[in-house]
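Just below is one structure, and these are the notes that go with it.
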Amino acid sequence: MGVQRLIVGISGASGCVYGLRLLEVLRNLNVETHLVVTRAAEKILESEVGLEIWEVRKLASQWYEVDDLSAPIASGSFSTMGMVVAPCSMKTLAGIAYGYSENLLLRAADVALKEGRRLILVPRETPLSSIHLENMLKLARMGVVILPASPAYYHKPKTIEDLVDYVVGKILDCLGLEHKLYRRWGEDKF
Ligand SMILES: Cc1cc2nc3c(=O)[nH]c(=O)nc-3n(C[C@H](O)[C@H](O)[C@H](O)COP(=O)(O)O)c2cc1C
């Protein structure tokens, strides 16, 4: 297999740290990342972690403006392993569920779906309304992985980073990428 290439979307939900850590880890694993960040996410990145968009873009191999619908990732002919949206807002999740591809993140997810590629969404929202749950069920039935940002506690996390790495590790598990981001149940040590 040639270069491993993945699209990473960061939408405007709390928990942008999941997307940031994912980009960092993928870079260490030599996975080529193609990043698209929504406008709402840009603001949350600034308020939650104090990063400006140009600083976030530096973590990716390639980045695109969210309104650039002629970017390579808008086409199924651009081959990728799939896409991860971390974190995924309920608005973006609804847009994907209904094929409403009004920005590049939504279009790239729509492409992943139509091409039968891996699509992993990481919602953070809580509690969830019946609208959110129905949208998630619709997507799960289409083969989308709904991977809530719900860290476990059996690996005895001590820091926020440990909690974030658990969720990022679960994303990598779904992508079939090996890692040592969290201690698995039954493993004494890393
Ligand atoms: C500080 C902050 C935190 C937010 N957290 C969430 C969240 O966790 N989940 C969510 O669905 N929306 C959240 N929102 C609302 C979304 O940002 C809003 O619905 C936005 O339109 C989403 O746009 P996007 O999906 O294009 O990024 C939050 C908004 C702000 C300002």
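The values are calculated or read from the model by the stated rules, or taken from the named source; none is laboratory data. Because the structure is a prediction, the values reported are computed rather than measured. Neighbour counts are summed over all protein chains in view; Cβ atoms, including those assigned to glycine, are modelled from backbone coordinates with ideal geometry. What goes into the accessible areas is simple: the full protein's heavy atoms, side chains included, and nothing from ligands, DNA or RNA. Shrake-Rupley method; radii C 1.70, N 1.55, O 1.52, S 1.80 Å.
If I ask for residues that are within 12 Å of the ligand (Cβ to nearest atom) and not in a helix (DSSP H, G or I), which ones from the stretch 12-32 would you list? Across the stretch 12-32, the qualifying residues are G12, A13, S14, G15. Evaluating G9 against the criteria (1) part of a helix (DSSP H, G or I); (2) within 11 Å of the ligand (Cβ to nearest atom); (3) touching a helix residue (DSSP H, G or I) at 6+ places or on another chain (Cβ under 8 Å); (4) of a type outside the set (A, V, I, L, M) leaves one unmet condition, (1). Criterion applied to L35, L59 was being more than 13 Å from the ligand (Cβ to nearest atom) and open to solvent by less than 20 Å² (accessible area, probe 1.4 Å), and the one residue passing it is L35. Can you say whether I53 is β-branched (V, I, T), within 9 Å of the ligand (Cβ to nearest atom) and open to solvent by less than 60 Å² (accessible area, probe 1.4 Å), as far as the supplied structure shows? For I53, the condition - β-branched (V, I, T), within 9 Å of the ligand (Cβ to nearest atom) and open to solvent by less than 60 Å² (accessible area, probe 1.4 Å) - is not met.
Tell me which residues, restricted to the stretch 73-89, are open to solvent by 30 Å² or more (accessible area, probe 1.4 Å) and either touching a Pro at 6+ places or on another chain (Cβ under 7 Å) or modelled with pLDDT under 95 (or both). Listed by number, the list holds a single entry, F78.
The sole residue among T126, T92 that is over 15 Å from S11 (Cβ atoms) and either within 10 Å of the ligand (Cβ to nearest atom) or surrounded by 22 or more Cβ atoms within 10 Å (Cβ to Cβ) (or both) is T126. Pick from the stretch 130-160 the residues that are hydroxyl-bearing (S, T, Y) and without any contact (Cβ under 8 Å) to a residue 12 or more places away in the chain: which of them is farthest from R184 (Cα to Cα)? Filtering the stretch 130-160 for residues that are hydroxyl-bearing (S, T, Y) and without any contact (Cβ under 8 Å) to a residue 12 or more places away in the chain, the one farthest from R184 (Cα to Cα) comes out as S130. The residues listed here are S70, S47; of these, the one that is within 12 Å of the ligand (Cβ to nearest atom), more than 27 Å from E178 (Cα to Cα), open to solvent by 80 Å² or more (accessible area, probe 1.4 Å) and of a type in the set (G, A, S) is S47.
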